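Reviewing the structure listed below.
The values are calculated or read from the model by the stated rules, or taken from the named source; none is laboratory data. As the structure is a prediction and not an experimental result, all values here were calculated from the model. With ideal geometry, Cβ positions are generated from the backbone for all residues, glycine too; neighbour counts draw on all protein chains shown.
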Amino acid sequence: MEGMLAKSLILSLLKWWYFESPKQFLTLAKMIARKIMDSLSISIILRTFFSPWKKVTSYKHNNSLEERVRALEDNAVSRLVGVVMRSAILILAALFIVFYIVTLMLGSIIWIIFPTLPIALAFYSLGFIIS
């Protein structure tokens with residue numbers, strides 16, 4: 001009877017470890033990924049990529065040609081600053097997302113290998129004892 005209970009317990013643990021827990025892990029990982037994307041506002045940054053930075057623009061409609069050219073230059077510089085800043089933010093966001101994915105993959109590999117670790121270490125230590 002105790003043998004059946006032990007088998008049932010081990011099978012339940014393995015079922016949880018390899019099937020139920022990874023489902024929960026993936027659900028949590030998706031939720032965190034959505035929060036990261038939302039926090040970094042990637043979709044908004046892409047939509048407004050060529051917009052002026054902080055919406056700083058100059059309007060000179062009824063003035064001389066020189067003032068209109070000056071306003072055009074100011075607007076071009078503001079857009080250039082916007083592109084540079086948004087590019088930097090996108091690069092940092094991409095690096096953060098890559099870090100998140102690598103961390104998830106390493107965590108998953110460790111999670112899969114962890115139950116076999118005591119057995120592997122026992123065989124490894126047996127090698128030291130025998131030699």
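With respect to the conditions (1) under 16 Å from the mean Cα position of the chain (by Cα); (2) over 28 Å from S39 (Cβ atoms); (3) not aliphatic (A, V, I, L, M), N75 lacks only one, and its number is (1). Of everything in segment 106-131 that is among the polar types (S, T, N, Q) and closer than 17 Å to K15 by Cα, the residue that is modelled with the highest pLDDT is S108.
Please go through segment 19-42 and give me each residue that is polar (S, T, N, Q) and under 14 Å from I97 (Cα atoms), ordered by number. Spell out the reasoning first.
Here is the first cut: in segment 19-42, the residues polar (S, T, N, Q) are 21, 24, 27, 39, 41.
Correct list: S39, S41.
Among the residues of segment 13-41, write down those that are over 18 Å from I112 (Cβ atoms) and of a type outside the set (D, E, K, R). The answer is M31, I32, A33, I36, M37, S39, L40, S41.
Taking the listed residues R86, R34, R68, the one that is charged (D, E, K, R), part of a helix (DSSP H, G or I) and in contact with a Phe, Trp or Tyr (Cβ under 8 Å, 6 or more places away or on another chain) is R86, with no other qualifying. Residues of segment 43-76 that are out of contact with any helix residue (DSSP H, G or I) (no Cβ under 6 Å at 6 or more places or on another chain), surrounded by 14 or more Cβ atoms within 10 Å (Cβ to Cβ) and within 30 Å of I97 (Cα to Cα): T48 alone.
Close contacts from segment 82-104, counting a first residue that is within 14 Å of M37 (Cβ to Cβ) and a second that is exposed (fewer than 11 other Cβ atoms within 10 Å of the Cβ), with Cβ to Cβ under 9 Å and a gap of 6+ residues or different chains, come to L90/L46.
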